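To start, the structure itself, in structure tokens.
The values are calculated or read from the model by the stated rules, or taken from the named source; none is laboratory data. As the structure is a computational prediction, the values presented were derived from the model and not from experiment. Please note: Cβ atoms are built from the backbone with ideal geometry, for glycine as well, and neighbour counts cover all protein chains shown. The area values use the complete protein model at the heavy-atom level, side chains included, leaving out ligands, DNA and RNA. Shrake-Rupley method; radii C 1.70, N 1.55, O 1.52, S 1.80 Å.
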Amino acid sequence: MKKNKKRELLSIIVPCFNEEEVIEETYKRLLNVLKNLNIDFEIIFINDGSSDNTLNILTSIALKDNKVKIISFSRNFGHQPAVSAGIHYCKGDYAVIIDADLQDPPEIIPDMLRVAKEENANVVYGVRKKRKGETFFKRFTAWAFYKIINFLSDVPLPENTGDFRLIDRKVIDAFNQLPEKNKYIRGLISWIGFKQIPYYYIREPRFAGETKYPLSKMIKFATTALLYFTRKPLKLATTMGFLSIIVGIILTFYVFLSLFFKPEQTVSGWASTIIIIIFFGGVQLLTIGVMGEYIGSIFDEIKNRPMYIIEKTFNL
Ligand code: UDP
Ligand code: MG
């Protein structure tokens, strides 16, 4: 009797934004690793509206190698939409999300796959033991971000992780069902559940080029994570509101008592009045701001625009 078991497929998802300096090398390193694996594979490059030569380089690779697929966006939509597109279009039984800049070494993919199979895990997420070649500012803001979000969020969001991870078909299908447009991918995958295990590795410096994550993109990313994974800032606003009411009541008593018992003092107290106005003004603005951020996200979701527009695809 002939056994007709279908060979498994591994999809590699690589978001690229202006990566002309690294993309060829990334392809070579990935190919080197994948061709020795006892599994079929596809490499999906998502060109996130690059304005350099990235798409040309990718196209010439895809012309020679039909395992290489390209999804090219109509403009720069961002890293998270690019990865989401990869997860949406991949056909693998497993998928690996990896940055194009070789900070995450492709050489550990086989071991991640082995661990996933041996431990029967649905997600093997990379945890950075060490981060080489990243500025103090980047490391500090990342550290502070994870401390804050883990304090606030109900979903555990492991520290020192990026999107570099292996996920299986169950997780891919679950992810593709999630309707939100603003996606904080590592948080959503954690939220999905199943068996998730960490994989420790050393994060290398960028192979070439500069970071494509300037402060503005980092802030947007962190805001999405906070808004979509916790409602605690709203609760904090309510708590502050209550506290100010209590302080207000105490102050009212104080004012009335002084009116009756120390009428000569009632004109003084200018300083305390100003301080109270400034303080409560601040609390109110902050509260309105927090509410505004949430309303803004509701607005974004309700518009129901697609996460990205695809201009063309190759080999897909
Ligand atoms: N990237 C993207 N769209 C963007 C910004 C980044 O597809 O708008 C890709 C980028 O090409 C890289 C990955 O996302 O493959 C991570 O970006 P980068 O390495 O610049 O971020 P960092 O490692 O500095 O946080
Ligand atoms: Mg990088």
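Distance from the Cα centroid of the range 125-167 to that of the range 252-316 is 29 Å (rounded to whole angstrom). The long axis of helix 54-64 is offset from the longest Cα principal axis of the chain by roughly 30 degrees. The 3J(HN,Hα) values that the Karplus relation (6.51, -1.76, 1.60; θ = phi - 60°) gives for the range 298-307 are, in residue order, 4, 4, 4, 5, 6, 4, 6, 6, x, 6 Hz. Gly and Pro appear as x.
Multiply the residue separation of residue 32 and residue 60 by 0.36 nm, subtract the distance between their alpha-carbon atoms, and state the gained length in nm to one decimal.
Values: separation 28, 0.36 × 28 = 10.08 nm, distance 1.81 nm.
Result: 8.3 nm gained on full extension.
Each Lys and Arg contributes +1 and each Asp and Glu -1, all at the Cβ; summed about the Cα centre of the range 219-316, the dipole is approximately 240 debye.
Here the Debye sum runs over all C-alpha atoms of the range 1-67 as equal scatterers in vacuum, and log10 of I(q)/I(0) at q = 0.12, 0.23, 0.27, 0.29 Å⁻¹ comes out as -0.36, -1.01, -1.26, -1.37. For the chain, the mean residue ellipticity at 222 nm estimated from helices alone is -16500 deg cm²/dmol, where every DSSP H run of n ≥ 4 contributes -39500 (n - 2.57) and the total is divided by all residues, rounded to the nearest 500. Of the trypsin sites (Lys or Arg not before Pro) found in the range 41-73, none is in coil by DSSP with at most 12 other Cβ atoms within 10 Å of its Cβ. Remark on the range 174-316: ratio of C-alpha radius of gyration to 2.2 N^0.38 Å is 1.72.
When ligands, DNA and RNA are left out and all protein chains stay put, how many square angstrom of accessible area per residue does the chain have with a 1.4 Å probe? List each step's numbers first, then the result.
Numbers: 17810 Å² over 316 residues.
With the other protein chains kept in place, the chain gives 56 Å² per residue.
Determine the shape class of the range 21-148: with a ≥ b ≥ c the square roots of the Cα gyration tensor eigenvalues, call it rounded for a/c under 1.5, and otherwise prolate if a/b is greater than b/c, oblate otherwise. Judged from the Cα gyration tensor, the range 21-148 comes out oblate (a/c at least 1.5, b/c at or above a/b).
Just the projected area, averaged over all directions, of the convex hull on the alpha carbon atoms of the range 81-185: how many nm²?
Numbers: hull surface 30.7 nm².
Reported value for the Cα convex hull: 7.7 nm².
Note on the range 169-194 and the range 106-122: Cα centroid distance 20 Å, given to the nearest whole angstrom. The packing ranking of peptides 272-278, 101-107, highest mean first, is 101-107, 272-278, where packing means the average number of other beta carbon atoms within 10 angstrom of each residue. The fraction of accessible area contributed by carbon and sulfur in the chain is 62 percent, rounded to a whole number (1.4 Å probe; ligands and nucleic acids excluded).
Computed over the range 251-316, the P(r) curve from all C-alpha pair distances, binned at 5 Å from the origin, holds 4, 11, 12, 11, 8, 8, 8, 7, 6, 6, 5, 4, 3, 2, 2, 2, 1, 0 percent per bin. For residue 127, nonlocal amide neighbours, meaning residues 5 or more places apart or on other chains whose placed amide H falls under 5 Å from its own, are 199, 200, 201. The value obtained for the chain, namely the Cα convex hull volume divided by the number of residues, is 170 Å³ per residue.
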